[in-house]
Amino acid sequence: MNIIPAIDETEIMTDYHYLHQHGEVAFHEHETTAYLARRLDDMHIAYEHFNGMTGLIATLGAGSPVIALRADIDALKQTYQNKLQVVHSCGHDGHMSLALSVGRYFSAHPHGLHGTLKLVFQPSEETGEGAEAVLKTGQLGHIDYFYGVHVRPQQEVAFGQCEAIIPHGSTQTITGTITGQTFHAGMPEQGHNVIEAFTRLNEKIMAIDLDTNVPYSAKATIFKAGDSTNIIPGTGTFALDLRAQTNDTMADLTKIVDQIIADVQDDHFSVRTNKTGFSPAAIPSKNAIGYMSQAITAVLGQRGLVDSVPSAGGDDFHFYAYSHPEIQSTMLGLGCDLTPGLHVPSMTFKTDALFYGAKILIDAISRTA
Ligand SMILES: [Zn+2]
């Protein structure tokens, strides 16, 4: 068990280079899916395409436990080098290469796997919709352990180091429209000014004070109303950005914000809202983190395992454990000297990190029992 697995570095780089050059946006990862299928065919690994969408799920071994590994497969449409193009600026090309190398290892070393391994090549992480879409297909089946992986910015985790969990917080966006009464500013008493209603709403948002040590925030990020200097605006739109480090705190925060919005409404003002962009927080699993920590230490030594850095970002990976609380999950945070940051079109990282990343994932999966 403590033997560090041998991986094929050349194959990892072949996959990485192809996938890096062929980025595709969310739910349009057709070439990507075809490439993954070809590579799985070459390795004689069984897989199913997801019904009605891109991505696929491969299965190795049999019986329990059922261990899944998620690789997200989409890229981002961005302007890079003065050209609008689809760029893998979130490192999903690396994640796919890792999942393929894990499949390659266990197809050659089936005795190293206890139970079943499912490689989940998930579309559309960037829109936050992919994990829920995969869950909706019903093709996932029962899962005991669910692992994910994400490259980390250099300022969070350096090359040669990893974290055994990425403590993503929960995020939620609320957009809304306030309706009052438009009127000439010379007769303000005839109108109902939505700026005043929004000011009341925002003052209450700013005064939220939850009784918790868990970090959270609720901030207005958009407010638009009026386009004439002499007219009382009767409609306005706004957006609120909610964040919390745990799902329970997000639930409390959302309830309070909903109440504040309800309280702003009276005979003069109505508010219509829409919730979008919900992403659950990571749900720490002691066992999954334990296996991942042991694997990091086995491959990189004690100094390779670093304390997790709370991440302001979110990941739809956490929908799996959020919707199935019996699933034990964690994400490997792969240090790789990634600069200048995720989603920056010029983002680069040291691809040598993929070699130890593959070994850590293989080792963690072999330990999972
Ligand atoms: Zn990503």
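The values are calculated or read from the model by the stated rules, or taken from the named source; none is laboratory data. These numbers were taken from a predicted model, which means no experiment stands behind them. For neighbour counting, all protein chains shown are included, and Cβ atoms are generated from backbone atoms with ideal geometry for every residue, glycine included. Side chains included, ligands, DNA and RNA excluded: accessible areas come from the protein's heavy atoms. Shrake-Rupley method; radii C 1.70, N 1.55, O 1.52, S 1.80 Å.
Structure data summary
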item: Under the Karplus curve 6.51 cos²θ - 1.76 cosθ + 1.60, θ = phi - 60°, whole-Hz ³J(HN,Hα) for segment 283-292, x wherever Gly or Pro sits; result: 10, x, 10, 4, 5, 5, 5, x, 4, 5
item: Under-5 Å amide H pairs with Cys336, H placed in peptide plane, nonlocal only; result: Arg152, Phe159
item: Amide H within-cut-off set for Ile7, under 5 Å, with H built and near neighbours excluded; result: none
item: Angstrom value of the Kirkwood radius, inverse mean 1/r, which spans all Cα pairs in segment 231-317; result: 17.0 Å
item: The chain: radius of gyration and largest Cα-Cα distance (Dmax), Å; result: 23.5, 82
item: Amide H partners (placed H, <5 Å) of Ser170, local residues excluded; result: Ala244, Gln245, Thr246, Ala281
item: ³J(HN,Hα), Karplus 6.51/-1.76/1.60, whole Hz, each residue of segment 19-36, x for Gly, Pro; result: 5, 4, 7, 10, x, 9, 7, 3, 6, 10, 7, 6, 5, 4, 4, 5, 5, 4
item: Cα pair distances exceeding 17 angstrom across segment 170-279, given as percent; result: 53 percent
item: Accessible-area composition of segment 170-279, carbon plus sulfur, in percent [1.4 Å probe]; result: 49 percent
item: Heavy-atom surface of segment 170-279, accessible at 1.4 Å and reported per residue (Å²); result: 57 Å²
item: Segment 314-369 and segment 24-44: distance between their alpha carbon centers, rounded to Å; result: 20 Å
item: Per-residue HN-Hα couplings for segment 57-67 [Karplus 6.51, -1.76, 1.60; θ = phi - 60°; Hz; x = Gly/Pro]; result: 10, 9, 10, 10, x, 7, x, 10, x, 9, 10
item: Per residue accessible area of segment 321-369, 1.4 Å probe, in Å²; result: 32 Å²
item: Candidates Thr116, Thr199, Thr171: whichever shows maximal mean-square fluctuation once the chain is modelled as a Gaussian network with Cα springs under 10 Å; result: Thr199
item: Dipole magnitude (debye, nearest 20) for segment 63-221, charges at Cβ of Lys, Arg, Asp, Glu; result: 460 debye
item: Segment 194-266 and segment 60-139: distance between their alpha carbon centers, rounded to Å; result: 36 Å
item: Whole-number D in µm² s⁻¹ for segment 267-340, Kirkwood Cα-pair radius fed into Stokes-Einstein, 25 °C, 0.890 mPa s; result: 161 µm²/s
